[in-house]
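Can you read through this structure? Questions will come right after.
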Amino acid sequence: QRGEGTNYLMKNILWGLRDEAFEEHAMNGSKSPCLSCGNKKRLYCEQCIELVGDTAALVPTVSLPVEVVVLRHPSEAKSKSTAAYVTIVSPEVNVVMYPDLGPSSAPPSGAELRGGSAKGGWPEAGPSVPEAGPSGTDTSGAGPDAAAETGSWEEETVLLFPSESSVTAAEVDWKKVKRVLAIDSTWITSNQILRDPRLAKVKRVKIADEQTTFWRYHAHSETCLSTAECIFHLVRQRTVVVEGSYSGQFDKLLFFYAHLYRAIQLWYLQNPHRSFVHKRNYIHYEKAAEEALRLGLPPPRRWGKGKG
């Protein structure tokens, strides 16, 4: 049985969230060079997490009530991550390369950046999280004042990750929380980040009772969500806790995710001879056919069922 948020996502976002001008541009537009790296891309550059060409004028901007810092493990392939989909539509979402912990936790004075932010750069000042040594000790040379700031950073931060110690959104005091850390990594490399002593005292929060709609196959549970889904569901659940209900104000956070979800559905509709290994009944052929007609793409006479 699907969770409330998953049902909402499938009904109102995956098949309902669209902009006709953007869909036309995505279908017929040409590639444009990324202003940062120069590589030609159709809609956005997944390496630099930047929109290209005329796409920016067609993409919505979504402001979130909390800062979201996506901690990407160095071994994670940027092209396979869904974090970019939410980063390019929300100024509150930033992707950083672990072991950095985000724009609100400036590196130690004089230290060399190891990765850095993929969007927006570092602020000139901000609460400092000491650099951890092998035993978890503070190697930054800072005194008690820095320790006090670290405690404040920990109290204002939650780590989005499912574990035995994780609590649900309903159990979090959101009045104190200013930022959410989300791990963008495989399950194996996630453990390396979780063992970071700087995160030892950060409260962990999990997504309750939701299932993935992501198109990339994995052998884990359906409750193992993509990064974009995790961020949306947490923001939605936080809104229900704080305001009593959710009225769709952050739906466009999944603007790109929904577009690509439909593109995957259309691809398999238009290529019925191609088989794939995925969840049973993942491809919704009837809905994909309706989408094809909407875009002026006649559906094939016969639909292939593949292995999905």
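Within segment 1-18, count every residue that is charged (D, E, K, R), open to solvent by 60 Å² or more (accessible area, probe 1.4 Å) and assigned to a loop (DSSP other than H, G, I, E, B).
Of the residues in segment 1-18, the ones charged (D, E, K, R) are 2, 4, 11, 18.
Within this subset, residues satisfying the condition of being open to solvent by 60 Å² or more (accessible area, probe 1.4 Å) are 2, 4, 11.
Next cut, assigned to a loop (DSSP other than H, G, I, E, B) only: 2.
Looking only at that region, the number is 1.
Now for a separate question. For segment 219-239, enumerate the residues that are open to solvent by 60 Å² or more (accessible area, probe 1.4 Å) and modelled with pLDDT of 90 or more.
Of everything in segment 219-239, nothing turns out to be open to solvent by 60 Å² or more (accessible area, probe 1.4 Å) and modelled with pLDDT of 90 or more.
Next up: Report yes if some residue within segment 2-22 is over 20 Å from K287 (Cβ atoms) and among the hydroxyl-bearing types (S, T, Y); otherwise report no.
No, segment 2-22 contains no residue that is over 20 Å from K287 (Cβ atoms) and among the hydroxyl-bearing types (S, T, Y).
Here's something else I'd like to know. Suppose we keep only residues that are surrounded by fewer than 18 Cβ atoms within 10 Å (Cβ to Cβ) and modelled with pLDDT under 95 within segment 32-56. Which one would you say is nearest to E291 (Cα to Cα)?
Ranking the candidates gives R42 first.
Okay, next question. Six or more apart or on different chains, Cβ under 8 Å: which pairs go from a residue in segment 153-176 that's part of a loop (DSSP other than H, G, I, E, B) to one that's basic (K, R) and open to solvent by 80 Å² or more (accessible area, probe 1.4 Å)? Could you list them?
From segment 153-176, the pairs are E156/K176; E156/K178; V172/K203.
Output the number of residues of segment 222-252 satisfying the condition of being touching a Phe, Trp or Tyr at 6+ places or on another chain (Cβ under 7 Å), of a type in the set (V, I, T) and either outside any helix (DSSP H, G or I) or closer than 15 Å to V93 by Cβ (or both).
Number of matching residues: 1.
Per-residue answers, yes or no, for (1) at pLDDT 75 or above; (2) under 23 Å from Y44 (Cα atoms); (3) of a type in the set (G, A, S):
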{"site": "E243", "(1), (2), (3)": "yes, no, no"}
{"site": "G248", "(1), (2), (3)": "yes, no, yes"}
{"site": "K252", "(1), (2), (3)": "yes, yes, no"}
{"site": "R280", "(1), (2), (3)": "no, no, no"}
{"site": "H284", "(1), (2), (3)": "yes, no, no"}
{"site": "E290", "(1), (2), (3)": "yes, no, no"}
{"site": "L293", "(1), (2), (3)": "yes, no, no"}
{"site": "P300", "(1), (2), (3)": "no, no, no"}
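Take the residues in segment 19-31 that are more than 24 Å from V93 (Cα to Cα) and aliphatic (A, V, I, L, M); name whichever of them is least open to solvent (accessible area, probe 1.4 Å).
It comes out as A21.
Additional query: Scan V89, V69 and give me the residue that is in contact with a Phe, Trp or Tyr (Cβ under 7 Å, 6 or more places away or on another chain) and open to solvent by less than 10 Å² (accessible area, probe 1.4 Å).
Selected residue: V89, the only one of V89, V69 that is in contact with a Phe, Trp or Tyr (Cβ under 7 Å, 6 or more places away or on another chain) and open to solvent by less than 10 Å² (accessible area, probe 1.4 Å).
The values are calculated or read from the model by the stated rules, or taken from the named source; none is laboratory data. Note that the structure is predicted; figures quoted are calculated from it, not measured. Cβ coordinates were reconstructed from backbone atoms using ideal geometry, including for glycine residues, and neighbour counts include every protein chain displayed. Areas reflect the complete protein model, heavy atoms only, side chains present, ligands, DNA and RNA absent. Shrake-Rupley method; radii C 1.70, N 1.55, O 1.52, S 1.80 Å.
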